[in-house]
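First up is the structure itself, then whatever we jot down about it.
The values are calculated or read from the model by the stated rules, or taken from the named source; none is laboratory data. Everything quoted here is computed from the prediction, not taken from an experiment. All Cβ positions, even for glycine, are placed from backbone atoms using ideal geometry, and neighbour counts span all protein chains on display. Ligands, DNA and RNA are excluded from the accessible area calculation, which covers all protein heavy atoms including side chains. Shrake-Rupley method; radii C 1.70, N 1.55, O 1.52, S 1.80 Å.
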Amino acid sequence: YSPAKDDDGVYLELKKKIGGIVTKRRISLTLGQANAFLLEGQLPVLKGGSKAYIQNQVLSELVAFLNNYPVVPKQYISYQRSAYFGKDDSSFRLTFDRAITQRRFDVGLDKPNYGVQILPPGQYLMEVKIGASMPMWLSEQLAELGIYKTSFSKYGRAFRSFVTQTH
């Protein structure tokens with residue numbers, strides 16, 4: 001939700017693409033904790049109960065990453081998402097993202113949501129996440145509608161837009 005407040009929950013994550021599969025390693029923090037960690041180097045105190053070990057492991061991975069690749073905020077991306085989950089298969093998820101917005105200034109999450117849309121009006125980004133194999137009914141519907149697999153990165157599209165506007 002935008003603008004976020006210091007005590008609102010956010011995720012800090014590392015994404016990796018290995019063999020065409022995207023994996024995420026993330027921790028849950030407040031916006032205040034995330035900003036203090038990223039901008040001032042203050043380590044957050046994590047609460048995770050039975051998941052404390054994993055949370056601390058991911059935090060150590062984030063620390064190692066930041067020690068090797070100092071980062072600063074450069075890009076804001078937001079979107080509105082409708083998500084649907086399989087009744088009989090919890091690994092099946094279908095999402096539709098709309099109003100995908102980007103900007104390269106006022107990039108803090110504590111700022112209002114505004115900027116340039118990266119898709120034309122009326123276009124949505126559909127993402128299908130499947131644990132095992134695609135259900136036959138979905139495969140048939142996608143084929144009937146002429147919907148085929150493609151690669152799309154919100155950040156990549158925003159960056160490409162920035163590069164073409166500045167050169």
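Taking R0 as 25 Å, what FRET efficiency do you get between Q165 and L138 from their Cβ-Cβ distance, rounded to the nearest 0.05?
Rounded to the nearest 0.05, the efficiency is 0.10.
Give the accessible area for R81 in Å² (nearest 10); use a 1.4 Å probe, count only protein heavy atoms, and leave out ligands, DNA and RNA.
90 Å²
Using helices alone, what [θ] at 222 nm do you get for the chain, with -39,500 (n - 2.57) per DSSP H run of 4 or more residues, divided over all residues and rounded to the nearest 500?
The helix contribution divided over the chain gives -9500 deg cm²/dmol.
So what is the relative contact order for segment 95-167, in percent, with contacts set as C-alpha pairs under 8 Å and at least six apart?
33 percent
If ligands, DNA and RNA are left out, what is the accessible area of R98 with a 1.4 Å probe, given in Å² to the nearest 10?
Near enough 80 Å² of accessible area.
So, how do all the Cα-to-Cα distances of segment 119-167 break down into 10 Å bins, in percent, from 0 on up?
Pair shares across the bins are 18, 40, 26, 13, 3.
Kirkwood hydrodynamic radius (Cα pairs, Å) of segment 17-82?
Computed over segment 17-82, the radius equals 13.8 Å.
Could you state the angle between the C-alpha long axis of helix 31-40 and the longest principal axis of the C-alpha atoms of the chain, as a value from 0 to 90 degrees rounded to the nearest 10?
Computed tilt is about 60 degrees.
I'd like the accessible area for T164: 1.4 Å probe, protein heavy atoms, all chains in place, Å² to the nearest 10.
Here the accessible area works out near 90 Å².
Positive end of the charge dipole of segment 19-167 (Lys, Arg +1 and Asp, Glu -1 on Cβ, about the Cα centre): tell me which of I27, P70, F85 has its Cα farthest that way.
P70
For segment 1-114, go through all pairs of different Cα atoms, get the mean of 1/r, take its inverse, and jot down that Kirkwood value in Å.
16.1 Å
GNM, the chain, Cα, under 10 Å: largest mean-square fluctuation among I18, I77, I130?
Between I18, I77, I130, it is I18 that shows the largest mean-square fluctuation.
How much length is gained on full extension from Q123 to D88, taking 0.36 nm per residue of separation minus their Cα-Cα distance?
9.7 nm
Residues with beta-carbon under 12 Å from that of R25, excluding R25: net charge, scoring Lys, Arg +1 and Asp, Glu -1?
+2
Counting pairs of alpha carbon atoms under 8 Å apart in space and at least six apart in sequence, what relative contact order in percent does segment 28-111 give? All intermediate terms of the calculation are to be shown ahead of the outcome.
Values: 73 pairs, mean separation 19.9, N = 84.
Relative contact order here is 24 percent.
How big is the charge dipole of segment 51-115 about its Cα centre, in debye rounded to the nearest 20, if each Lys and Arg gets +1 on its Cβ and each Asp and Glu gets -1 on its Cβ? List each step's numbers first, then the result.
On the way: 9 positive and 6 negative charges, 42 e Å.
It works out to roughly 200 debye.
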